[in-house]
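Before any comments, here is the structure.
The values are calculated or read from the model by the stated rules, or taken from the named source; none is laboratory data. Not measured: the values here are computed from a predicted model. Backbone-built Cβ (ideal geometry, glycine too); neighbour counts: all protein chains shown. Note: accessible area is taken over every heavy atom of the protein model, side chains too, but ligands, DNA and RNA are not part of it. Shrake-Rupley method; radii C 1.70, N 1.55, O 1.52, S 1.80 Å.
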Amino acid sequence: MTTPEAPLSGRVAYVTGAARGQGRSHCVRLARAGADIVAIDACGPVAAHNGYEPSTPEELAETVRLVEGEGRKILAKEIDVRDLEGQQRLVADAQEQFGRLDIAVANAGVLNWGRLWEISAEQWQQVLDVNLTGVWNTMKAVVPAMIEAGNGGSIINVSSAAGIKAVPGCGHYCASKFGVVGLTNSLAIELGEYGIRVNSVHPYGTDTPMGNDLSMYGMFQEHPTYVYSFSPGALPTESLADPGLISDIVLWLASDASSLVTAAQIPADKGYLKI
Ligand SMILES: NC(=O)c1ccc[n+]([C@@H]2O[C@H](COP(=O)([O-])OP(=O)(O)OC[C@H]3O[C@@H](n4cnc5c(N)ncnc54)[C@H](O)[C@@H]3O)[C@@H](O)[C@H]2O)c1
């Protein structure tokens, strides 16, 4: 039975990109709310043009330790979101171990920089493959299990402020994150009859290895006017948000507190999108 302290008690959540950053924060927060966790991460290099370090197996092991520290179970595996069959196999294992699947957070993503006509076909394709096809792979893996469990549920796809407002210098990333919105809203309508809600979350600068990627500043140096597309937002807070603040929104969307909300784009942006 769920309680105000454990609104996800008895439920099971699948989280991608779980080794660090926002994904780890979501795992721990959902576990603290009572959910058992199924977690994946590539734990290694995923896109050749990234200007920041890849995650490691040790980081995924730390997520496992933190979730267990919350008193919950976790099934974690090194799987790339581009590996559809790998995700399907893990969901099957999770069904066997936990008997149900209620929540999915498609969080894994990559960001790198370059003007649209100057990036290589490889740079374009890798970002689209991870950020958009990777989310579709996750949906294809989890939805049949969620329908079969018959308990309704909540799917949360992590897009970006750049999935609502296009910015210069990372058009391939914007295209992938706009794509996540279309996928989210079509799926929300298709899954309505099963009581499964589907929403997207749109963070702005967040304090993670991706959010601290310094290669963005090289782009601003070469094209100073681009900086006008990245206002600091309306609130007098730290420029990079703590990942836990995004987890607050993910937890709300995962819980029954948001039971009327589906096919929605929830900003986590301090008003940036309106400025
Ligand atoms: N940090 C920001 O400022 C920011 C802003 C808006 C949106 N986002 C989005 O938030 C999400 C989480 O990013 P973060 O800030 O925690 O970044 P991060 O780089 O710190 O963490 C991302 C995690 O996803 C994993 N991952 C990446 N590609 C993968 C793949 N192909 N398969 C499996 N795992 C993979 C990485 O290994 C890493 O552990 C991403 O979708 C990102 O686009 C981030």
Q: Keeping to region 64-81, report how many residues are within 15 Å of the ligand (Cβ to nearest atom), open to solvent by 80 Å² or more (accessible area, probe 1.4 Å) and either in a helix (DSSP H, G or I) or more than 24 Å from I196 (Cβ to Cβ) (or both).
A: 1
Q: Can you give me the number of residues within region 37-62 that are within 14 Å of V105 (Cβ to Cβ) and either open to solvent by 20 Å² or more (accessible area, probe 1.4 Å) or near the ligand (Cβ under 9 Å from one of its atoms) (or both)?
A: 2
Q | Test: D213 is under 20 Å from T16 (Cβ atoms), of a type in the set (D, E) and open to solvent by 70 Å² or more (accessible area, probe 1.4 Å) | A | no
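Every residue, every condition in (1) over 24 Å from E96 (Cβ atoms); (2) touching a residue at least 60 places away in the same chain (Cβ under 8 Å); (3) not hydrophobic (A, V, I, L, M, F, W, C), yes or no:
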{"site": "L8", "(1), (2), (3)": "no, yes, no"}
{"site": "V15", "(1), (2), (3)": "no, yes, no"}
{"site": "C27", "(1), (2), (3)": "no, no, no"}
{"site": "A31", "(1), (2), (3)": "no, no, no"}
{"site": "I37", "(1), (2), (3)": "no, no, no"}
{"site": "I40", "(1), (2), (3)": "no, yes, no"}
{"site": "Y52", "(1), (2), (3)": "yes, yes, yes"}
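I'd like to know if region 195-211 contains one or more residues that are assigned to a helix (DSSP H, G or I) and either within 30 Å of I147 (Cβ to Cβ) or of a type in the set (S, T, N, Q) (or both). Before the answer, list the steps.
First, pick out the residues of region 195-211 that are assigned to a helix (DSSP H, G or I): none.
No, that holds for no residue.
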Q) Can you pull out the residues in region 161-180 that are open to solvent by 10 Å² or more (accessible area, probe 1.4 Å) and closer than 27 Å to A94 by Cβ? A) G179
Q: Answer yes or no as to whether V143 is buried (at least 22 other Cβ atoms within 10 Å of the Cβ), under 22 Å from L251 (Cα atoms) and touching a residue at least 40 places away in the same chain (Cβ under 8 Å).
A: no
Q: Considering each residue of region 245-275, count those that are surrounded by fewer than 14 Cβ atoms within 10 Å (Cβ to Cβ) and either within 13 Å of the ligand (Cβ to nearest atom) or over 17 Å from A33 (Cβ atoms) (or both), and give that number.
A: 4
